[in-house]
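The values are calculated or read from the model by the stated rules, or taken from the named source; none is laboratory data. Computed from a prediction, not measured in an experiment: that's the story for all the values here. Ideal geometry is used to build each Cβ from the backbone, glycine not excepted, and the neighbour counts take in all protein chains shown. Ligands, DNA and RNA are excluded from the accessible area calculation, which covers all protein heavy atoms including side chains. Shrake-Rupley method; radii C 1.70, N 1.55, O 1.52, S 1.80 Å.
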Amino acid sequence: MTIQTARVIPEAGLPPSDPECPAAARSPRSRSSSLLGWLGALPYLLFLAIFLIAPIATNIWTSFQVDGSFSLASMSRLFEPQYRDAFVQTINLSLLTAGIGGVLGLTLAWALATSERPNWLRNLVLSFSAVASQMGGVALAFAFIAAIGVQGLVTRMVLSLTGWNLSDSIHLASFWGIAIVYLYFQIPLMAILMLPAFGSLKRQWSEAAYSLGASRFRYLKDVAFPIMWPSTIGALLLLFANSFSAYATAYALAGGRVNLVPILIGFFISGNVMTDDSFAAALVTGMIVIVVLAIGLRTLLERRTNKWLR
């Protein structure tokens, strides 16, 4: 038996489709377009190299250097009880604020996505959520101290009206006080992140499910949840990373009274007690590992969601 093969002749002006054709045979127009694309991305790549990759590489290098020579001493100190406790408390704070902020933010996003009236209230909540999700630092800490601190406006008002001293129940310079302040930006951030996911749920899907006799719970369980859960978990991971890396708000509220990793890094860099650049870099390296794991997992879940919604 003779097998006949036919050679495909490319049309004029088009690159050859033969897989054996070398890449160098691509048209000059294609190569020029690719080169222009790389030149356009060059400023962004330089920005990443100078302000992201180089600092991370320098930090990792410093964490393995003690007195100018390679050493694992700084990294091994991360497992000492007091520093291990700092990581545990920081992770607990991040999980707590991500969990509560996630549930409340998901509810807020659902309300914004399903309610259309009154339109002015929806726009007002959306605008406030966009601003509050990016608010933090010393300004936010001062706002809470001025409101519900020991001499805060709300504290004095509640005390004069009810006789209840609010500051006796809510200590802003404590683990739970910092958690309350963090929820101020975690809840709106979750709402902003989940709005596109709610928008991807087509109205025809719910109408089709209800017309076939499905209940609301069955629709949420079999249709909405399988589509929404990667986005939800991804948003929760981003909230976790956002809380884990926050520094200014916690420091302004508690100083050294709460054992958190970002505050410890500030102490070892600024020299509140003693300076140790190598160990500060080791703490940062530990934070980088945890944050990169959270962001990497979120990226994988986001790709899976986008694949389903195509």
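Any idea which of (1) under 26 Å from Leu239 (Cβ atoms); (2) loosely packed, with under 12 Cβ neighbours inside 10 Å is the one Tyr44 doesn't satisfy?
Against the list (1) under 26 Å from Leu239 (Cβ atoms); (2) loosely packed, with under 12 Cβ neighbours inside 10 Å, Tyr44 comes up short only on (1).
If the Cβ limit is 9 Å and pairs must be 6+ apart or interchain, which residue in segment 267-287 that is under 18 Å from Phe87 (Cα atoms) and of a type in the set (A, V, I, L, M, F, W, C) pairs with which residue that is open to solvent by 90 Å² or more (accessible area, probe 1.4 Å) and at pLDDT 90 or above?
If the second residue must be open to solvent by 90 Å² or more (accessible area, probe 1.4 Å) and at pLDDT 90 or above, the pairs left are Ala281/Trp61.
Pick from Leu301, Leu237: which is farther than 20 Å from Phe175 by Cβ, modelled with pLDDT under 80 and touching a helix residue (DSSP H, G or I) at 6+ places or on another chain (Cβ under 7 Å)?
Details: Leu237 fails: modelled with pLDDT under 80.
Within the list Leu301, Leu237, the selection yields Leu301.
Output the qualifying pairs, or none if there are none: Cβ atoms under 6 angstrom, residues six or more apart or on different chains, first residue in segment 52-72 and closer than 11 Å to Ala281 by Cβ, second residue open to solvent by 60 Å² or more (accessible area, probe 1.4 Å).
Going by the 6 Å Cβ cut-off, the qualifying pairs are Phe64/Phe70.
Mind listing whichever residues of segment 157-179 are in contact (Cβ under 8 Å) with a residue 24 or more places away in the chain and part of a helix (DSSP H, G or I)? Break it down into steps so the answer makes sense when it comes.
Of segment 157-179, the ones in contact (Cβ under 8 Å) with a residue 24 or more places away in the chain are 172-175, 177-179.
Within segment 157-179, Phe175, Gly177, Ile178, Ala179 qualify.
Which of the residues that make up segment 85-135 are assigned to a loop (DSSP other than H, G, I, E, B) and surrounded by fewer than 20 Cβ atoms within 10 Å (Cβ to Cβ)?
Here is the first cut: in segment 85-135, the ones assigned to a loop (DSSP other than H, G, I, E, B) are 115-118, 133-135.
Result: Ser115, Glu116, Arg117, Pro118, Gln134, Met135.
Could you please tell me which pairs satisfy a Cβ distance under 8 Å, a separation of 6+ or placement on different chains, a first residue in segment 138-149 that is more than 17 Å from Tyr247 (Cβ to Cβ) and assigned to a helix (DSSP H, G or I), and a second residue that is open to solvent by 30 Å² or more (accessible area, probe 1.4 Å) and modelled with pLDDT under 90?
Ile148/Ile170
Mind listing whichever residues of segment 186-211 are surrounded by 13 or more Cβ atoms within 10 Å (Cβ to Cβ), without any contact (Cβ under 8 Å) to a residue 24 or more places away in the chain and among the hydroxyl-bearing types (Ser, Thr, Tyr)?
Ser206, Tyr210
Would you point out the residue of segment 61-79, among those that are open to solvent by 70 Å² or more (accessible area, probe 1.4 Å) and either under 14 Å from Asp276 (Cβ atoms) or not in a loop (DSSP other than H, G, I, E, B) (or both), that is modelled with the lowest pLDDT?
Asp67
From the list Ile233, Ile269, exactly one residue is aliphatic (A, V, I, L, M) and touching an Asp or Glu at 6+ places or on another chain (Cβ under 8 Å). Which is it?
Details: Ile233 fails: touching an Asp or Glu at 6+ places or on another chain (Cβ under 8 Å).
From the options Ile233, Ile269, the qualifying one is Ile269.
Before we move on, is Leu201 of a type outside the set (Lys, Arg) and outside any loop (DSSP other than H, G, I, E, B)? Spell out the reasoning first.
Working: of a type outside the set (Lys, Arg): yes; outside any loop (DSSP other than H, G, I, E, B): no.
For Leu201, the condition - of a type outside the set (Lys, Arg) and outside any loop (DSSP other than H, G, I, E, B) - is not met.
Scan the helices (runs of 4 or more DSSP H) fully inside segment 212-288 and keep the ones with 3 or more residues being loosely packed, with under 15 Cβ neighbours inside 10 Å. Step through it out loud before you land on a result.
Values: elements: 216-219, 225-244, 248-254, 261-270.
Output list reads 216-219, 225-244.
Looking at this structure, is Trp38 within 23 Å of Ile187 (Cα to Cα), of a type in the set (Phe, Trp, Tyr) and either exposed (fewer than 14 other Cβ atoms within 10 Å of the Cβ) or modelled with pLDDT under 90 (or both)? So that I can check it myself, show each step before the final result.
Values: within 23 Å of Ile187 (Cα to Cα): no; of a type in the set (Phe, Trp, Tyr): yes; either exposed (fewer than 14 other Cβ atoms within 10 Å of the Cβ) or modelled with pLDDT under 90 (or both): yes.
No.
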